[in-house]
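Following: one structure in structure tokens, then a few remarks.
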Amino acid sequence: MRQLRNFLLTFFLLAPAIAFAHGPTRQKLSLAVDVKAPPAEVWAVIGNFQDMSWHPAVFSSTGTGDNAIDATRVLTLGKEGGPTIAEQLYKYDATKMSYSYRITEVDVAVLPVTNYSSHLTVTPTASGGSHIEWRGAFYRGYPNNEPPENLNDAAAIAAVTGVYKAGLDALEAKFGK
């Protein structure tokens, strides 16, 4: 009986602290676009992990490992000498026209996220075109409670949405809607 009383006392004393002692929630985002071009044509443009020249924010991309698992790339944004994002490939399937990667290094002032992973996939549509899906999961740039506005969940979601939308808009412009 004493053990039950001690357990209940401990539970009721610690439960409020546990309930309010949570950190950030993992955010998930998925954007997609359908284009007129067949999947093989779209994949020929976006399927090389080392080449992200199709994205308007990317000035240059350098890397090692081609499309092999653990390949790396460093994206330079905007202009020569601009901010960089280092990424690593962890899944690649040319047959399924899909790859997955994670950010290994980024300044949160450039992209206000941590623990970011992403998946880019091309699938056929019934009309013979392509469905391009870009989805990701990430935490906000500030891991503790009460983040500054520029590193909170809303800022992280807005930034990643902007990246995905710019890339998908560029592909839509290239291949037609």
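Here are the numbers for the structure shown:
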read-out	value
Derived scalar couplings ³J(HN,Hα) [segment 93-98; Karplus, 6.51 cos²θ - 1.76 cosθ + 1.60; whole Hz; x for Gly, Pro]	9, 5, 5, 8, 6, 8
The chain, helix-only ellipticity at 222 nm - DSSP H runs n ≥ 4, -39,500 (n - 2.57), divided by all residues, nearest 500	-9500 deg cm²/dmol
Segment 74-112: GluC sites (Glu not before Pro) in DSSP coil with no more than 10 other Cβ atoms inside 10 Å	E80
Over the chain, relative contact order from alpha-carbon pairs under 8 Å, at least 6 apart, %	26
Computed E for E172/N145 - FRET, C-beta separation, R0 30 angstrom, nearest 0.05	0.15
Förster radius 45 Å - calculated FRET efficiency between E80 and A126, Cβ distance, rounded to 0.05	0.55
Two-site FRET efficiency, Q50 against A154, from Cβ-Cβ distance with R₀ of 22 Å, rounded to 0.05	0.10
At most 12 other Cβ within 10 Å, DSSP loop - trypsin sites (Lys or Arg not before Pro), segment 69-140	K79, K96
Folded to 0 to 90 degrees: helix 153-175 orientation relative to the chain principal axis, Cα	20
For P(r) over Cα pairs in 10 Å bins from 0, in percent, calculated from these coordinates, the label among [x] 10, 37, 37, 15, 1; [y] 9, 31, 29, 13, 8, 6, 3, 0; [z] 9, 33, 28, 17, 8, 3, 1, 0	[y]
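Read-outs throughout are calculated quantities, based only on the coordinates presented, and are distinct from any laboratory measurement. In this text, all values refer to a predicted model and were calculated from it rather than measured experimentally. All Cβ positions, even for glycine, are placed from backbone atoms using ideal geometry, and neighbour counts span all protein chains on display.
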